[in-house]
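The values are calculated or read from the model by the stated rules, or taken from the named source; none is laboratory data. As the structure is a computational prediction, the values presented were derived from the model and not from experiment. Counting neighbours? That spans all protein chains shown, and the Cβs are built from the backbone with ideal geometry, glycine included. We work out accessible area using only protein heavy atoms, side chains counted, and drop any ligands, DNA or RNA first. Shrake-Rupley method; radii C 1.70, N 1.55, O 1.52, S 1.80 Å.
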Amino acid sequence: MGQSIESYIKHLVRDAIGHTLGGLELQRDRKTYVIANWKMNKTINETAEFFQNVKSSKDVSVVVCPSAQLLFPAHLFIKQSGQPIGLGGQNVHWADKGAYTGETSASMLKDVGCEYVIIGHSERRQYAGEDDVLVNKKVKQALKTGLTPIICIGETLDEKNSTRTEQVLSTQLFGALKDLHSGDIIIAYEPVWAIGTGQSATAELAQQTHAYIRSVLKQIFGGQADSISILYGGSANENNAADYSGMPDIDGVLVGGASLQAHSFEGIINVFAKGEQNS
Ligand code: PEP
């Protein structure tokens, strides 16, 4: 089973009770995710090679988000490999269907085997002008279609330096989650200054920020907030993954650059899988 008896019983009790037992704080378990964001990278052959070489783990939820035209081949390669790997899109349109040239609908994502979709990534906010209103429409469309949205939020360097991080994150969360009642979402905290720069946030800073994000989620969803996974993203790699995996409010990572090579992505999966086995 890959878990000690003690850890197995702890998980069972937590799942069954989900609150305090005899003075012992028992939080409902959250899922741990290791998610790859391949951005605009890879050919079909490179995708095949990746899935031939990567070894996933059943102890964490592993998801790969390739670009739109790679989704169906990726779905087939994952099936062929027999590995526990989920599939996600990198973007989705807010409408059901229609005259939206170049766009991909939520039902099209479902049709090619997706269960997840990244929404509001900072690169889409920056290059495609996406704002919180649009992010909110996309999140609702994803949920309506049965996709789990991976909602990206994060402050720029300017905003960080002018101590506006909390204000920015709170605005992004209230905007993205407006009129939502389902907490069946994943939040990815991705400080813009850390994405693709090699300047990852320290695990302590990320933990502090995740705790703040959870406090905002509590204002929105109440107790449901405890079951929402909050991932860190921004130059995460196999060398710093262990620091993040040890933090109570960091429920996994969204990985760009280090997810492109099977061996480095696998290194990150292994770190989080080990963390789960020891918890
Ligand atoms: C991302 O863009 O989602 C990301 C986390 O990128 P990187 O890991 O390359 O910083």
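For the stretch 54-78, give me each residue that is surrounded by fewer than 21 Cβ atoms within 10 Å (Cβ to Cβ) and touching a Pro at 6+ places or on another chain (Cβ under 6 Å). Correct list: Lys58 only.
Restricting to the stretch 212-225, count the residues that are open to solvent by less than 40 Å² (accessible area, probe 1.4 Å) and closer than 16 Å to Thr165 by Cα. Total satisfying the criteria: 4. The C-beta contact set for the stretch 98-124 (first residue touching a residue at least 60 places away in the same chain (Cβ under 8 Å), second residue assigned to a helix (DSSP H, G or I) and buried (at least 19 other Cβ atoms within 10 Å of the Cβ), distance under 7 angstrom, 6+ apart or interchain) comprises Ser122/Val192. Scanning the stretch 251-266 for residues that are closer than 26 Å to Gln208 by Cβ and in a helix (DSSP H, G or I) gives Gly257, Ala258, Ser259. For the stretch 156-211, filtered to residues that are farther than 28 Å from Ser259 by Cα, hydroxyl-bearing (Ser, Thr, Tyr) and at pLDDT 95 or above, the residue that is least open to solvent (accessible area, probe 1.4 Å) is Ser170.
So which residues in the stretch 36-50 are hydrophobic (A, V, I, L, M, F, W, C), surrounded by 16 or more Cβ atoms within 10 Å (Cβ to Cβ) and without any contact (Cβ under 8 Å) to a residue 40 or more places away in the chain? Before the answer, list the steps.
From the stretch 36-50, those hydrophobic (A, V, I, L, M, F, W, C) are 36, 38, 40, 44, 48, 50; that's our starting set.
Next, from what is left, pick out any that are surrounded by 16 or more Cβ atoms within 10 Å (Cβ to Cβ): 36, 38, 48, 50.
Ala48, the sole residue that qualifies.
Arg125 fulfils the conditions (1) touching a strand residue (DSSP E or B) at 6+ places or on another chain (Cβ under 7 Å); (2) within 19 Å of Asn37 (Cα to Cα) except for a single criterion, (1). The residue that is nearest to Gly88 (Cα to Cα), among those in the stretch 233-267 that are within 10 Å of the ligand (Cβ to nearest atom) and touching an Asp or Glu at 6+ places or on another chain (Cβ under 6 Å), is Gly233.
Annotation: of all residues in the stretch 42-79 being within 16 Å of the ligand (Cβ to nearest atom) and farther than 23 Å from Asn240 by Cα, the one that is farthest from the chain's Cα centre (by Cα) is Lys42. Cβ-Cβ distances below 7 Å connect the following pairs, each with a first residue in the stretch 160-188 that is closer than 23 Å to Tyr116 by Cα, a second residue that is assigned to a helix (DSSP H, G or I) and open to solvent by 80 Å² or more (accessible area, probe 1.4 Å), and a separation of six or more residues or different chains: Gly175/Val133.
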